[in-house]
Structure formats: structure tokens, C-alpha cells
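Okay, so here's the structure we're looking at.
The values are calculated or read from the model by the stated rules, or taken from the named source; none is laboratory data. Every value quoted in this text rests on a predicted model; they were computed, and no experiment measured them. FYI the Cβ positions are ideal-geometry reconstructions off the backbone, even for glycines, and counts take in every protein chain you see. Accessible surface is based on the protein model in full, side chains and every heavy atom, while ligands, DNA and RNA are left aside. Shrake-Rupley method; radii C 1.70, N 1.55, O 1.52, S 1.80 Å.
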Amino acid sequence: MDGLTKMTRIEIIVPARQAPDLRELIASAGATGYTSVSGVSGIGHHGQRSGDLLFNEYDTLTMIITVLPQAKAEQLAEAVRAMLDSTSGVMFVAETYVSRPEYFK
């Protein structure tokens, strides 16, 4: 990965009503940004979830993706784990590489 900088990507899928609290955790961890995808659908531990926004956006799922340096990612992952103890949702943590590291510090 010549010319790229190693970072940590965290993807979290939560009910849309939890997204504002999650965004606050991301900001407090020092992330410089995130991508939010509403209307996520899938099937998992809590059964099938529709991505249909037609009737009730509040009950859909939202996926929020952020990229941080390792030290900040650990703090955020711990905070999200605590949050997920009281709500449905999943978190994926993965190594990633970025071309503009100054955007994520």
C-alpha cells in the first residue's frame, strides 16, 4: 500500500432513532467526519429489517461509517460497544488505508 496511510474504519448499523446519539459519540471521539446511509435493510439477530422509508423513517436502520487513527478508533469502539449493550445494532471494525491522512486526524 505505497503512499497510503493505515487507519481504522468503523461501520455501525443502528435503528434510525439511535443515529443522533451515535453521531454524538463519533464527534466526541474526535472523528473529523462520517458517512451516514439511511434506509439500510438486512436480516440478523432481530429478524428481517426493511429499508423502506415510505411510512416510518424512524423505524428503519441507519449505517454510519467513519475512519479514524487507531488511538481514536479504540475510544470510539468502546463507547459504541457500551451503547450497543442497550440497543440493537452491530459494529464492524476493520483496517483500512487512506490517501489523504490529514483529512482523518
Point to revise | the range 1-102: relative contact order in percent, alpha carbon pairs under 8 Å with at least 6 residues between | key: 48 percent
Review point. Can you list residues whose amide H is under 5 Å from T8's amide H, if they're 5+ apart or on another chain and H is modeled 1.01 Å from N?
Key: L68, Q70, T96
Exercise for review: Obtain the nm distance between the two label points defined at R81 and V93 by a simple spin-label model: each point lies 7 Å from its Cα along the Cα-to-C-beta direction.
Suggested key: 0.6 nm
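Averaged per residue, what accessible area in Å² does the chain show with a 1.4 Å probe, protein chains only? Mind showing how you got there, number by number?
Details: 6490 Å² over 105 residues.
Accessible area per residue, the chain: 62 Å².
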Check your understanding: What list of ³J(HN,Hα) couplings, whole Hz, do you get for the range 11-27 from phi and the Karplus terms 6.51, -1.76, 1.60, once you set θ to phi - 60° and write x for glycine and proline?
Key -> 10, 10, 10, 9, x, 4, 5, 8, 4, x, 5, 5, 4, 5, 4, 4, 5
Practice item. Please list, in chain and number order, the residues 5+ apart from T60 or on another chain whose amide H is under 5 Å from its amide H, with Hs placed from the backbone. Key: A16
Check your understanding: When the Karplus curve 6.51 cos²θ - 1.76 cosθ + 1.60 is applied with θ = phi - 60°, which whole-Hz ³J(HN,Hα) does each residue of the range 73-80 get, with x for Gly and Pro?
Key -> 5, 4, 4, 5, 4, 5, 5, 5
Review point. Residue by residue, what Karplus-based ³J(HN,Hα) values in Hz, rounded to whole numbers, does the range 36-46 have, using 6.51, -1.76 and 1.60 with θ = phi - 60° and x for Gly and Pro?
Key: 10, 10, 8, x, 6, 10, x, 9, x, 4, 9
Study note, to complete from the structure: Here the averaged projected area of the chain, based on the convex hull of its alpha-carbon atoms and given in nm², is 6.9 nm²
